[in-house]
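Just so it is clear, none of the values below were taken in a lab; they were calculated from the coordinates. Every value quoted in this text rests on a predicted model; they were computed, and no experiment measured them. Backbone-built Cβ (ideal geometry, glycine too); neighbour counts: all protein chains shown.
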């Protein structure tokens, strides 16, 4: 039996949102190195990318701490979304990053709340 057979669709979707956010934040870090974002925004993107990757890893392993990690990931993603919006100044890729972060935050928050209700 594969691990994915034991996961809910909600968990698989959340893991995908985490990986999408990881990818977007990593791409934005590269863009920021070229265009010059402030160091606080860069650190926030780095933290968000790492947190998203770690959150997806925890869910893949079915870690007993994965839902708590989802709650932390949601907070980090919201922080990154705000940082991206503040830096955007009309930049479409920066706004896409903010949107991706917010989507991941919403999915992770839903996961962490559904675990608390269970």
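Reported count of residues in segment 108-118, each being surrounded by 15 or more Cβ atoms within 10 Å (Cβ to Cβ) and either within 9 Å of the chain's Cα centre (by Cα) or free of Cβ contacts under 8 Å to residues at least 12 places away in the same chain (or both), is 1. Take the conditions (1) within 13 Å of the chain's Cα centre (by Cα); (2) touching a residue at least 24 places away in the same chain (Cβ under 8 Å); residue 86 misses just one of them, which is (1).
The set of residues in segment 4-26 being surrounded by fewer than 19 Cβ atoms within 10 Å (Cβ to Cβ) and in contact (Cβ under 8 Å) with a residue 40 or more places away in the chain consists of 6, 7, 10, 13, 20. Residues in segment 27-58 that are surrounded by 14 or more Cβ atoms within 10 Å (Cβ to Cβ) and on the phi > 0 side of the Ramachandran plot: 0 in all.
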